[in-house]
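**Student:** First the structure, then my questions, so here it is.
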Amino acid sequence: MGGVTIASKSGTVAATIATDLITEWNASINPYATGITATNGGSGIVTLEADNFGIPFTLTLNTPGGSATLSQ
């Protein structure tokens, strides 16, 4: 976010990657991340939600050398 990488993981097991991303995101002290909480949406899904309802945010996802299913 804002040209800054908040969380980055690689691997082949979606559930493990999701758990690692959630942990890394929520541990970040970067101002771009602190108002957004990552939670486990099940089956390798990471859900990001603004801590204050109605506050919009934009997130860019990148899967260099790999693939992922991304949705908003």
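The values are calculated or read from the model by the stated rules, or taken from the named source; none is laboratory data. Just so it is clear, the structure is predicted and the values come from calculations on it, not from any experiment. In this analysis, Cβ positions are derived from the backbone assuming ideal geometry, glycine residues included, and neighbour counts consider all displayed protein chains. The accessibility values were calculated without ligands, DNA or RNA, using every heavy atom of the protein model including side chains. Shrake-Rupley method; radii C 1.70, N 1.55, O 1.52, S 1.80 Å.
**Student:** Of the accessible area of the range 11-62, with the probe set at 1.4 angstrom, what percent is carbon plus sulfur? Intermediate values should be presented prior to the final figure.
**Tutor:** Numbers: 2140 of 3680 Å².
After summing per-atom areas, the C and S share lands at 58 percent.
**Student:** Ignoring ligands, DNA and RNA, what accessible area per residue does the chain give at 1.4 Å, in Å²?
**Tutor:** Details: 5410 Å² over 72 residues.
Normalised by residue count, the accessible surface of the chain is 75 Å².
**Student:** Suppose the chain between Thr16 and Thr58 were pulled fully straight at 0.36 nm per residue; how much longer would it get relative to their current alpha carbon spacing?
**Tutor:** 12.7 nm
**Student:** 5 Å is the cut-off here: which amide hydrogens, built 1.01 Å from N in the peptide plane, fall below it relative to Ile36, excluding neighbours closer than 5 in sequence?
**Tutor:** Answer set, sorted by chain and number: Asp51.
**Student:** For Ser43, tell me the accessible area in Å² from a 1.4 Å probe, rounded to the nearest 10.
**Tutor:** 120 Å²
**Student:** So what J values fall out for the range 7-18 if you push phi through Karplus, 6.51 cos²θ - 1.76 cosθ + 1.60 with θ = phi - 60°, rounded to Hz, Gly and Pro as x?
**Tutor:** So the J values, rounded to whole Hz, are 9, 8, 9, 9, x, 10, 9, 4, 5, 5, 4, 4.
**Student:** Now for a separate question. Which of the chymotrypsin sites (Phe, Trp or Tyr not before Pro) found in the chain are loop residues per DSSP with 10 or fewer other Cβ atoms within 10 Å of their Cβ?
**Tutor:** Working: sites: Trp25, Tyr32, Phe53, Phe57; in loops: Tyr32, Phe53, Phe57.
Answer in residue order: Phe53.
**Student:** Hey, another quick one. Need the full-extension length gain, Thr47 to Lys9, defined as separation in residues times 0.36 nm minus the C-alpha distance. One decimal, nm.
**Tutor:** Stretched out fully, the Thr47 to Lys9 stretch lengthens by 12.1 nm.
**Student:** Kindly provide the helix-only [θ] at 222 nm of the chain, computed as the sum of -39,500 (n - 2.57) over DSSP H runs of four or more divided by all residues, to the nearest 500 deg cm²/dmol?
**Tutor:** Calculated at 222 nm, the ellipticity per residue is -6500 deg cm²/dmol.
**Student:** Another question, if that's okay. Which one is right for this structure if Rg and Dmax of the Cα atoms in Å is calculated from it: (1) 19.0, 59; (2) 11.9, 35; (3) 12.3, 37?
**Tutor:** Read-out from the structure maps to (2).
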